[in-house]
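Below is one structure, written out as C-alpha cells; the observations come after it.
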Amino acid sequence: MKAAPSEEKLLKILEILDRYDRQPSKLIPILQDVQKAYQYLPEDLLAYVAASLEIPAARVYGVATFYSFFALEPKGKHVIRLCDGTACHVKDSIPILNAIRDHLGLHGKQKTTHDMQFTVETVACLGACGLAPVMVVNEQVHGAMTPAKAVDVVKTLEKEETAAMEDM
C-alpha cells in the first residue's frame with residue numbers, strides 16, 4: 001500500500017476517524033464514510049486508516065475487498081447496478097446492460113465514463129426478483145426494465161446534469 005495521503009485527504013480522514021473515536025470495531029462505518037467522501041476507497045487512505053486504528057493493513061484491505069458495496073476504483077457520480085441474477089437474466093438483463101453501455105460509450109471492461117458521471121455494474125442479485133429485470137440507480141430501484149426504458153433513465157439523468165450545469 002502507498003504511504004501518506006495528501007493534506008486535504010488527511011483532514012477529511014481525521015474528521016471521520018474522530019467521529020468514530022478511532023475504534024477498530026467501527027471499521028465498516030469508517031470505510032463507508034471514507035467511500036462516501038471519495039466515491040471509492042483510495043489505497044493510501046486504507047493504509048492510513050489501518051495505522052490510525054492500530055490494526056493490520058491486511059485486515060482493512062480484507063474488509064474493503066470482501067464487501068461488494070466497497071469500491072477500490074473511482075466510481076462515477078451516478079452508479080447504475082443492473083441485476084444479472086437468475087430471474088433477471090432469464091428476463092433478458094444482458095440486452096439492457098448492452099444498451100446502457102452502448103449509450104454511454106463504455107467499451108471492454110470499462111465501467112465508468114471518462115467524465116466520471118456514470119458507473120455501470122452488474123450484481124448477482126438485488127433482492128427484487130418480482131420486479132425482474134431490475135436495476136438500481138443511485139439507490140433508486142427501477143423494475144420491469146427494457147433496453148429502451150433503461151436508456152431513458154440514463155437520458156433523464158444526463159438532462160438533469162446538463163440543467164444543473166447551466167444553472168451554475
Degrees separating the helix 93-104 axis from the principal Cα axis of the chain, which is the longest one: 80 degrees
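Residue separation times 0.36 nm, minus the C-alpha to C-alpha distance between Thr86 and Gln140: what's the value? Kindly include the intermediate steps, with their values, before the conclusion.
Numbers: separation 54, 0.36 × 54 = 19.44 nm, distance 2.09 nm.
Using 0.36 nm per residue and subtracting the Cα-Cα distance, I get 17.4 nm.
With each run of n ≥ 4 DSSP H residues scored as -39500 (n - 2.57), what mean residue ellipticity at 222 nm is computed for the chain after dividing by its residue count and rounding to the nearest 500 deg cm²/dmol?
On the way: 7 runs with 84 residues, N = 168.
So the calculated ellipticity at 222 nm is -15500 deg cm²/dmol.
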Cα-Cα over 29 Å: which of Lys26/Lys155; Lys9/Lys77; Lys109/Lys159; Lys9/Lys159? Lys26/Lys155; Lys9/Lys159
Which lysines have a Cα less than 20 Å from the Cα of Lys91, not counting those fewer than 8 places away in the same chain? Lys149
Considering the chain, which cysteines have no disulfide-compatible partner, defined as another cysteine with its Cβ under 4.7 Å away? Cys125, Cys129
Using alpha carbon centers only, the range 91-128 is separated from the range 1-59 by a whole-angstrom value of 29 Å
Tilt relative to the chain, helix 57-66 - C-alpha long axis, 0 to 90 degrees, to 10: 20 degrees
GNM flexibility winner over the chain from Met145, Met116, Met135 (Cα, springs under 10 Å): Met116
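Please state, to two decimals, what the Cα-based radius of gyration of the range 7-66 comes to when divided by 2.2 N^0.38 Å (N = residues).
On the way: Rg = 10.0 Å, N = 60, 2.2 N^0.38 = 10.4 Å.
Compactness ratio reported: 0.96.
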Dividing the convex hull volume of the alpha carbon atoms of the chain by its residue count, what do you get in Å³ per residue? 141 Å³
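Here, each number is a calculation from the coordinates, and none is a lab measurement. Everything numeric here is computed off the predicted structure, so don't read it as measured data. Neighbour counts are summed over all protein chains in view; Cβ atoms, including those assigned to glycine, are modelled from backbone coordinates with ideal geometry.
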